[in-house]
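Engineer: First, the structure itself, so that you have it in front of you.
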Amino acid sequence: MRTIFTKAQIERLEQEFTQNKYIVGAARLQLAAELSLSETQVKVWFQNRRIKFRKSTAQDNSAEERSDTDSDSL
């Protein structure tokens with residue numbers, strides 16, 4: 001079943017992700033309780049967010065490399 005997060009939950013999860021890309025143990029348990037989510041939901045959200053983060057970072061890097069190549073050919 002797919003979890004539908006509220007705007008407030010997403011904002012709080014994003015805030016935590018900005019500080020720590022990984023959340024484990026007591027911190028995950030505490031965040032889950034604070035947001036009325038299960039530990040598994042928080043864990044999976046962080047896993048998915050790290051994947052999204054890596055993809056966007058890779059895209060930014062490839063765009064930067066293309067920009068460098070374009071300026072080198074001028």
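The values are calculated or read from the model by the stated rules, or taken from the named source; none is laboratory data. Since the model is a prediction, treat every value here as computed from it, not as a measurement. Heads up, the Cβs are rebuilt from the backbone with ideal geometry, glycines too, and the neighbour counts pull from every protein chain shown. Surface accessibility is based on the protein's heavy atoms, side chains included, excluding ligands, DNA and RNA. Shrake-Rupley method; radii C 1.70, N 1.55, O 1.52, S 1.80 Å.
Engineer: Rounding to the nearest 10 and keeping the result within 0 to 90°, find how far the Cα-based axis of helix 25-35 lies from the longest principal axis of the chain.
Structural biologist: Helix 25-35 and the main axis of the chain meet at about 80 degrees.
Engineer: Working out 0.36 nm times the residue gap between residue 43 and residue 18, then minus their Cα-Cα distance, what length gain in nm do you get to one decimal?
Structural biologist: 7.5 nm
Engineer: Ordered by residue, what ³J(HN,Hα) values in Hz, to whole numbers, does the range 14-19 give under the Karplus form 6.51 cos²θ - 1.76 cosθ + 1.60, where θ = phi - 60° and Gly and Pro are x?
Structural biologist: With coefficients 6.51, -1.76 and 1.60, one gets 5, 4, 5, 5, 4, 7 Hz.
Engineer: Please give me, ordered by residue number, the chymotrypsin sites (Phe, Trp or Tyr not before Pro) of the range 1-43 that lie in loop per DSSP and have at most 11 other Cβ atoms within 10 Å. Don't skip to the end; give the middle numbers.
Structural biologist: Details: sites: 5, 17, 22; in loops: 5, 22.
Here the sparse-neighbourhood loop sites are 22.
Engineer: In the neighborhood of residue 45, defined by Cβ-to-Cβ distances under 13 Å, what is the net charge if each Lys or Arg adds +1 and each Asp or Glu adds -1? All intermediate terms of the calculation are to be shown ahead of the outcome.
Structural biologist: Numbers: positive: 2, 12, 21, 28, 43, 49, 50, 52; negative: 11, 14, 16, 39.
Summing Lys and Arg as +1 and Asp and Glu as -1 gives +4.
Engineer: Ignoring ligands, DNA and RNA, what percent of the accessible area of the chain is carbon or sulfur (1.4 Å)? Intermediate results must be reported in sequence, preceding the final value.
Structural biologist: Working: 2980 of 5770 Å².
Solvent-exposed carbon and sulfur of the chain make up 52 percent of the total.
Engineer: Enter the angle in degrees (range 0 to 90, nearest 10) between the Cα long axis of helix 39-72 and the first principal axis of the Cα atoms of the chain, meaning the one along which they spread out most.
Structural biologist: 10
Engineer: Before I look further, what does the chain give for accessible area per residue, probe 1.4 Å, in whole square angstrom?
Structural biologist: 78
Engineer: Continuing with the same structure: So, in nm, how far is label residue 57 from label residue 26 when the simple model puts each one 7 Å beyond its Cα toward the Cβ?
Structural biologist: Using points 7 Å along Cα→Cβ, the separation is 2.8 nm.
Engineer: How big is the Kirkwood radius of the chain, worked out from every pair of different alpha carbons and given in Å to one decimal?
Structural biologist: Details: mean 1/r = 0.0708 Å⁻¹.
One over the average 1/r among Cα pairs gives 14.1 Å for the chain.
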